[in-house]
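Read through the structure below, which is laid out as structure tokens, and then see the notes.
Just so it is clear, none of the values below were taken in a lab; they were calculated from the coordinates. Predicted model only: the values in this text are computed from it and were never measured. Here the Cβ positions follow ideal geometry from the backbone for every residue, glycine too, while neighbour counts run over all protein chains shown.
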Amino acid sequence: MRIGYPCINRTIGCTPSRTFRLSSYTDNRLMDTVRENLACLAKILAYNEKYHLLFFRVTSDLVPFASHPVCTFRWQEYFSGEFERIGKYIRNHRFRISMHPDQFVLLNSPDEGVLRRSIAELVYHVQVLDLLGLDDSAKVQIHVGGVYNNKSASIERFVKRYELLDTSILNRLVIENDERLYSISDCLAIYKQTGIPVIMDTFHHSLLNNGEKFAALLQPVRQTWKAADGIPMVDYSLQEPGKRAGTHAEHINADDFRHFLATTLAADFDVMLEIKDKERSALEALGIAREDPRLVTGDPPQA
DNA sequence: CAGTGTCAAGGTGGA
DNA sequence: TCCACCTTGACACTG
């Protein structure tokens, strides 16, 4: 099991998510921003390596406007050396990497324009992982999409669209349950029609389920991941006390995380902590996981 | 220079 | 039919 956190690090004083307004787009602005974002990504990975946080989600903001028509600059070629360098570091240290395009990627939208932009965005995400030279265990996770007043028709549309995607996308794409529309069971049903691996989100599952226990779903979900996909990924989060249902916690709750590990002990997976204080909670989670020597790969860092 | 309204992109659901 | 909300950091303008 590897433990990780998404996208940004609040300790080291840089962000890999620098961006700018579309209205101020220039190729030079893009070059400067991407250069800084990549430099920061490299710093975060060095930090993560030092503390044995070996699972990391790369921000979608790495290359701003990458899938927008305004961006005709060949950033893939211009930065290929830097991507290669970072990718080598990732491979050498056996990091697990994921990416998570946001809400605008909707493969099952009835709107062809939305579909077209969604695919362009997926192409961008896959290009980043390809440029890093990562194998098919580096995943791009999306949600199933909208319901559009007809869930079964929307699932059917997802399946049909999925089958038309390029292999380079198919090899990396996984679907995650959300908290309002598509449960883990829905995702498993879609897997049966497509073969797409399913990524479980504990917090979403607590808000939308059909009465199944999370632990009981681990085994069926495990089978959706082929050998080349690596071990399953799981998103872990919990409710922020006193906030609207669905609000992610500011900080990890040690008891809850310990309980989560205990109930899932039989399964092997990588855990992404979607908790707002990022690496701080991830470090605490790692400490908790190390209470049980069966759980975490790698030696503790030397003092 | 701190505070704050806004930002490429979509969809849901309550009023 | 309209609007708030999701989720959220970072930009860029305002005073």
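Structure summary
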quantity	calculated
Cα→Cβ-extended label distance, 7 Å offset, between A:HIS248 and A:LYS192, nm	3.2
Residue-span extension gain [A:LYS276 to A:CYS14] - 0.36 nm each, minus C-alpha spacing	92.7 nm
For chain A, the fraction of alpha-carbon pairs in successive 20 Å shells from zero, as %	33, 60, 7
Burial ordering of A:MET1, A:MET31, A:MET99, fewest other beta-carbon atoms within 10 Å first	A:MET31, A:MET1, A:MET99
Taking A:ASP61, A:ASP255 and counting other C-beta atoms within 10 Å, the order from fewest to most	A:ASP255, A:ASP61
Rounded to 5, the percent of DSSP beta bridges in chain A classed as antiparallel	5
For the stretch A:153-300, radius of gyration divided by Kirkwood radius, i.e. Rg to Rh on alpha-carbons	0.98
Cα-based equivalent ellipsoid of the stretch A:1-73: semi-axis lengths in Å, sorted from largest, via gyration tensor	27, 12, 9
Relative exposure of A:LYS192, A:LYS151, judged by other C-beta atoms within 10 Å (fewest first)	A:LYS192, A:LYS151
Extension gain (nm, one decimal) between A:TYR78 and A:LEU22, 0.36 nm per residue minus Cα-Cα	18.1 nm
Residues of the stretch A:185-201 with amide N under 18 Å of a point placed 7 Å along Cα→Cβ from A:VAL147	A:185-190
